[in-house]
Amino acid sequence: MQMKPEQLELIREQLRTIKERSSFYAKKYEGIEVADVDAQADFEQLPFSEKGDLRAAYPLGIQAVPDADVVRIHSSSGTTGLPVIIPYTAQDVTDWAIQFARCYEIAGVNVLDRVQITPGYGLWTAGIGFQAGCERLGAMAIPMGPGNTEKQLKMMQDLKATVLCATSSYALLLAEEVNARGLRDKLFLRKGVIGSERWGEKMRNRIQDELGIEIYDIYGLTEIYGPGIGISCDEHHGMHIFEDFCYIEIVDPVTGATVPDGEVGELDITTLRKQGAPLIRYRTHDLTRILPGSCTCTCGEHHPRIDTLVGRTDDMFKVKGCNIFPAQVEEVIAITDGTSSEYQVMIDHVDGHDEMTVFFETPLEGEAREKAEFELATIFKAKIGCTPIAKGVPLGELPRSEKKTKRIFDSRY
Ligand code: ZN
């Protein structure tokens, strides 16, 4: 992503004094003259920061302002180890609300809307972000928090809620209840602002149809404000990320090199205005790509767009110089005729080179099966960039698991 002059200026301003303001950065940039950074190329030489760094700085080692300036903290819980604590100044809180209000506007929400907020309130950044943005926009917030479906549905009807804010799984649960109780005609919902996670088209369509809403995906993470740093628009193709608050890069998750726009890699974010806990080249571990030419969207927004997330770097594997994500393999399986949804990828090192075999279940036999194998390998090459050995096996042949089925087997290491 080409850095804008205004973005470079904000980054330079941040870097000029960051080592004095923050012991975290004094240590991180030891021996690096960050004040000398005056071009995108210099910036791209700076080390990344990641969640592990923030954990190591627990509780408030990341803080880059005097205590008197901190007005709030949020925390993201990890599945393992220490949580991450992020301090916010009054300006940070305002900046977050400005971005969130912008998200609502892009989703077509206005002052007459009634916004039912079901994400959780508390240490987590979700609920309070939806709330602050809604109030800043001037719409009416209905701060429900999660759970208590009975009460959610009653308030939704009695208050004539027009916008639903939820995670995709809770939105689906509500949609199913609305359907089971035949409440569709008693609702006034028209928009859904839904937290972005990887979720299928089928689920999305069900929520849209059963609740009668148009869905917008909202993006964000606790380390960088929270949800609300970007959202999808009426185009429904990727999410705009606000370039006056965040500079985004897509990098090769293995080498760390910046990849050209349009190529999939890891999304890294640099905050341009954050005071309490500025983050520079922060690795989100989310995999996506910058949509080329996305600064000229038909919706009128100039902020660059990232594509729907394809997964997390933790899921990625590399074969023959190609970075591959399970979601991409799934896509290839989905568009190859004669395949079921079940597949397995085996990677091995044979005679000095990597060999990848994609097993897929198919009802086909004989020549028809061979044709499907050829087709799958061809589509794989075209979509992902390298050619696997494709092998069709009878339906039911591949192992199933009650938990998450393991599909990628790498015997090289
Ligand atoms: Zn747009």
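The values are calculated or read from the model by the stated rules, or taken from the named source; none is laboratory data. What you see is a predicted model; the values in this text were computed from it and never measured. Quick reminder, even Gly has a Cβ in these numbers, built from the backbone with ideal geometry, and neighbours come from all protein chains shown. Heads up: the accessible areas ignore ligands, DNA and RNA and are worked out on the full protein's heavy atoms, side chains in. Shrake-Rupley method; radii C 1.70, N 1.55, O 1.52, S 1.80 Å.
If I filter region 83-92 for residues that are touching a residue at least 40 places away in the same chain (Cβ under 8 Å) and assigned to a helix (DSSP H, G or I), do I get at least one hit? Yes, region 83-92 contains a residue that is touching a residue at least 40 places away in the same chain (Cβ under 8 Å) and assigned to a helix (DSSP H, G or I). Once region 264-289 is narrowed to residues that are open to solvent by 20 Å² or more (accessible area, probe 1.4 Å) and touching a Lys or Arg at 6+ places or on another chain (Cβ under 6 Å), the residue that is farthest from residue 310 (Cα to Cα) is 285. When we screen 244, 252, 234, 286 for residues that are modelled with pLDDT of 95 or more and either within 27 Å of residue 76 (Cβ to Cβ) or in contact with a helix residue (DSSP H, G or I) (Cβ under 7 Å, 6 or more places away or on another chain) (or both), the only hit is 244. Within region 297-309, is even one residue in a loop (DSSP other than H, G, I, E, B), within 16 Å of the ligand (Cβ to nearest atom), of a type in the set (Val, Ile, Thr) and surrounded by fewer than 20 Cβ atoms within 10 Å (Cβ to Cβ)? Yes - at least one qualifying residue is present in region 297-309.
Considering only residues that are in a loop (DSSP other than H, G, I, E, B) and at pLDDT 95 or above, look in region 63-77 and name the one that is least open to solvent (accessible area, probe 1.4 Å). My answer is 64. Could you list all residues from region 295-320 that are modelled with pLDDT of 95 or more and hydrophobic (A, V, I, L, M, F, W, C)? Listed by number, the list holds a single entry, 306.
Go through region 1-18 and report how many residues are at pLDDT below 95 and either buried (at least 19 other Cβ atoms within 10 Å of the Cβ) or of a type in the set (Asp, Glu) (or both). Selection size over region 1-18: 1. Would it be correct to say that residue 409 is closer than 25 Å to residue 310 by Cα, over 29 Å from the mean Cα position of the chain (by Cα) and part of a strand (DSSP E or B)? Answer is no for this residue. Residues in region 263-272: is at least one within 16 Å of the ligand (Cβ to nearest atom), at pLDDT 95 or above and in a loop (DSSP other than H, G, I, E, B)? No, that holds for no residue. Screening residue 383 against (1) open to solvent by 50 Å² or more (accessible area, probe 1.4 Å); (2) farther than 21 Å from residue 265 by Cβ leaves a single unmet condition, (2).
One residue is enough: does region 211-223 have a residue meeting the conditions of a type outside the set (D, E, K, R), part of a helix (DSSP H, G or I) and open to solvent by 20 Å² or more (accessible area, probe 1.4 Å)?
No, region 211-223 has no match at all.
Criterion first (open to solvent by less than 20 Å² (accessible area, probe 1.4 Å), touching a residue at least 24 places away in the same chain (Cβ under 8 Å) and of a type in the set (Phe, Trp, Tyr)) does residue 188 satisfy it? Judged against the criteria, residue 188 is not a match.
Checked across region 194-210, the condition of being touching a residue at least 12 places away in the same chain (Cβ under 8 Å) and within 16 Å of the ligand (Cβ to nearest atom) holds for at least one residue.
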